[in-house]
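Report on the following structure.
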Amino acid sequence: MDREGSAIFGAQEAATPVILMDTSALLWLLAGHPRSRPLAKWAGRLYASPISLLEVQFLIEAQRIRTKSGFQTADLANDPRWLIDDPPSLAWIEAALNDSWTRDPFDRLIFAHSRYRGWRLATADAEMLNHLGPRHLFEL
């Protein structure tokens with residue numbers, strides 16, 4: 001799949017504004033948290049990274065987040081509010097090699113995913129916000 005290619009669950013419209021959500025943004029939108037209001041009102045396309053699915057699973061296993069009974073991390077891939085984007089892994093891993101400002105592998109890969117696609121990143125993470133230019137962020 002190329003940069004303008006399709007996501008796992010649907011094709012991206014070229015003229016549609018796109019936002020990639022970091023894991024916190026994804027969880028806030030899932031829970032209806034007040035910090036997710038700008039995303040809930042967003043008229044463009046919302047995407048999540050497959051790395052966020054893995055991070056959510058890690059957070060559940062480490063008991064850092066609680067979920068409703070019966071919740072499965074894989075259910076996030078089927079939520080109609082967003083699509084899971086799946087760019088070629090080598091391309092965005094290579095993009096992450098130079099992001100030595102963070103030691104969090106999930107943040108590093110989500111940040112690189114956003115840069116690889118050229119999409120805005122929805123985040124409240126101060127460190128990420130400091131490294132994104134104003135055209136590439138969607139602050140929560």
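When the range 60-107 is examined, which residues are found to be aliphatic (A, V, I, L, M) and farther than 27 Å from A40 by Cα?
We begin by selecting, within the range 60-107, every residue aliphatic (A, V, I, L, M); these are 60, 62, 65, 74, 76-77, 83-84, 90-91, 93, 95-97.
Residues satisfying the conditions are A62, L90, A91, I93, A95, A96, L97.
Taking the criterion of being touching an Asp or Glu at 6+ places or on another chain (Cβ under 8 Å), farther than 25 Å from P17 by Cβ and among the hydroxyl-bearing types (S, T, Y), would at least one residue in the range 87-102 satisfy it?
Looking through the range 87-102, at least one residue is touching an Asp or Glu at 6+ places or on another chain (Cβ under 8 Å), farther than 25 Å from P17 by Cβ and among the hydroxyl-bearing types (S, T, Y).
Condition check ((1) part of a strand (DSSP E or B); (2) at pLDDT 95 or above; (3) under 13 Å from the mean Cα position of the chain (by Cα); (4) more than 21 Å from A112 (Cβ to Cβ)) across all residues:
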{"site": "G5", "(1), (2), (3), (4)": "no, no, no, no"}
{"site": "E13", "(1), (2), (3), (4)": "no, no, no, yes"}
{"site": "T16", "(1), (2), (3), (4)": "no, no, no, yes"}
{"site": "I19", "(1), (2), (3), (4)": "yes, no, yes, no"}
{"site": "P38", "(1), (2), (3), (4)": "no, no, no, yes"}
{"site": "L53", "(1), (2), (3), (4)": "no, yes, yes, no"}
{"site": "R66", "(1), (2), (3), (4)": "no, no, no, yes"}
{"site": "G70", "(1), (2), (3), (4)": "no, no, no, yes"}
{"site": "A77", "(1), (2), (3), (4)": "no, no, yes, no"}
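Please enumerate the residues belonging to the range 106-125 that are assigned to a helix (DSSP H, G or I) and either closer than 19 Å to L29 by Cβ or not aliphatic (A, V, I, L, M) (or both).
Across the range 106-125, the qualifying residues are F106, D107, R108, I110, F111, H113, S114, R115, Y116, R117.
Identify, please: which residue in the range 18-45 is charged (D, E, K, R) and touching a Ser or Thr at 6+ places or on another chain (Cβ under 7 Å) and is, among those, surrounded by the most Cβ atoms within 10 Å (Cβ to Cβ)? Walk me through how you get there before you give the answer.
First, pick out the residues of the range 18-45 that are charged (D, E, K, R): 22, 35, 37, 41, 45.
From the residues that got through so far, the ones that are touching a Ser or Thr at 6+ places or on another chain (Cβ under 7 Å) too are 22, 45.
Working: D22: 27, R45: 18.
Result: D22.
Which ones in the range 53-86 are under 25 Å from P17 (Cβ atoms) and small (G, A, S)?
A77
Which number in (1) part of a helix (DSSP H, G or I); (2) buried (at least 19 other Cβ atoms within 10 Å of the Cβ); (3) among the aromatic types (F, W, Y) marks the one condition that F58 misses?
(2)
The values are calculated or read from the model by the stated rules, or taken from the named source; none is laboratory data. Because the structure is predicted, anything quoted here is derived from the model rather than measured. Positions of Cβ are backbone-derived with ideal geometry, glycine not excepted, and every protein chain shown enters the neighbour counts.
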